[in-house]
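Just so it is clear, none of the values below were taken in a lab; they were calculated from the coordinates. Keep in mind the model is a prediction, meaning the values are calculated, not measured. Every residue, glycine among them, receives a Cβ derived from its backbone with ideal geometry; neighbour counts consider all protein chains shown.
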Ligand code: CP
Ligand code: NVA
């Protein structure tokens, strides 16, 4: 009834969702059943979005459901109505909710107070839907994640790096985070993760050595805009041609987007790997349809 984090998932669950996502992709336009028929879902966002909003709106409709988009400015949440009250109202009216916000606790509270299927569409802590699209893309491009070295370059303590670390814990692939010292995940997180296959380094070239997948994300996540001091730490953590010269010959580059060219990734690298990166963006749709279908089964 919920998809709130990769942390609370497991290998069997992740693998079955990727299998279903691939099936959803290959049968797009010809789905035999409409698991959301007769349902209305709410998409409640307190942060900006292009990919997540559009892929959920399209995905819910393709599965037979109706959908309403509610930005925080459209509803009383933006004027301070508590999430638990919003949840108790919407839980009596809609059949499911997709939420993008700041605190992970807010999506947990929404689920607990609404009692309806709830999906985390990004919090400061996790971006689980994106990871599902990324895993599907790796499977399509490289066949499998097993035995691969997957690297994250950038803010080691943001939602993307955290969700990736949990995916690595569950699925067992080698995962390296290359980040400035002050942007590393804190020790209490690493203790909770307890995954020997996940390592941290401040040396991006070392991390990229022999890598099959290089993954990056914005240096400043939503809510951190204008933190010039933090941004200044990332000068050595750009995904550029020099960095990629350390990788395996058949490496791929992933970026969850939006991308800031000449910051976390160069224009040249982004355009060279655009086929993969926009396939990754498209896979949001297929992966999320799998998440939705599995939730209402
Ligand atoms: N990658 C991602 O979540 O993009 P949006 O912020 O555009 O939804
Ligand atoms: N870490 C980024 C991901 C954007 C999809 C953010 O939270 O802004």
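Only helices enter this figure: runs of n ≥ 4 DSSP H residues, each worth -39500 (n - 2.57), summed and divided by the residues of the chain, yield -12500 deg cm²/dmol at 222 nm to the nearest 500. Ellipsoid semi-axes for the range 237-297, based on the Cα gyration tensor and the rule √(5λ), read 29, 13, 9 Å when sorted largest first.
Here r is the Cβ-Cβ distance between residue 205 and residue 37 and R0 is 41 Å; the resulting FRET efficiency, rounded to 0.05, is 0.20. Computed from label points 7 Å out along Cα-Cβ, the spacing between residue 144 and residue 241 is 3.5 nm. What angle do you read, to the nearest 10 degrees and between 0 and 90, between the alpha-carbon axis of helix 51-62 and the longest principal axis of the chain? The angle comes out near 40 degrees. Mean silhouette area of the range 181-293, derived from the convex hull of its C-alpha atoms and averaged over all directions, reads 8.9 nm². Along each principal axis, taking the top coordinate minus the bottom one, the Cα set of the range 215-265 gives 37, 20, 13 Å in descending order.
Annotation for residue 81 and residue 294: the two label points, set 7 Å from Cα along the Cα-Cβ direction, are 3.2 nm apart. Seen against the Cα atoms of the chain and their longest principal axis, helix 104-114 is set at about 20 degrees.
The mean of 1/r over all distinct Cα pairs in the chain, once inverted, gives the Kirkwood hydrodynamic radius of 19.5 Å. In percent, what relative contact order does the chain have, based on Cα pairs under 8 Å that are 6 or more apart in sequence? Reported as a whole number, the value is 22 percent. The range 65-89 and the range 201-254 have Cα centres separated by 36 Å. Translational D (Stokes-Einstein, µm²/s) of the range 1-150 at 20 °C and 1.002 mPa s when Rh comes from the Kirkwood sum over C-alpha pairs? The diffusion coefficient I find is 131 µm²/s.
Here the range 39-116 is treated as a sphere whose radius is the Kirkwood value from Cα pairs; by Stokes-Einstein at 25 °C and 0.890 mPa s it diffuses with a coefficient of 195 µm²/s.
Please label the shape of the range 74-159 as rounded, prolate or oblate, based on the square roots a ≥ b ≥ c of the eigenvalues of the alpha-carbon gyration tensor (a/c under 1.5 means rounded; beyond that, a/b larger than b/c means prolate, else oblate). Prolate shape, in that a/c is at least 1.5 and a/b is the bigger ratio. Angle, helix 274-295 long axis vs. longest principal axis of the chain, Cα atoms, 0 to 90°, nearest 10? Taking Cα atoms only, the helix is inclined about 40 degrees.
As a footprinting exposure proxy, order 129, 183 by other Cβ within 10 Å, with the fewest listed first. Numbers along the way, then the final one.
Working: 129 25, 183 19.
Fewest-to-most ranking of 129, 183: 183, 129.
Residues 113, 260, arranged from fewest to most other Cβ atoms within 10 angstrom of their Cβ, appear as 260, 113. Structural descriptor for the range 25-121: relative contact order 31 percent, calculated from alpha carbon pairs under 8 angstrom and at least 6 residues apart.
Sorting 248, 188 by the number of Cβ atoms found within 10 Å of their own Cβ, with the fewest placed first, yields 188, 248. What shape does the range 58-98 take by its C-alpha gyration tensor, where a ≥ b ≥ c are the square roots of the eigenvalues and a/c under 1.5 counts as rounded, a/b above b/c as prolate, and the rest as oblate? Verdict is oblate for the range 58-98.
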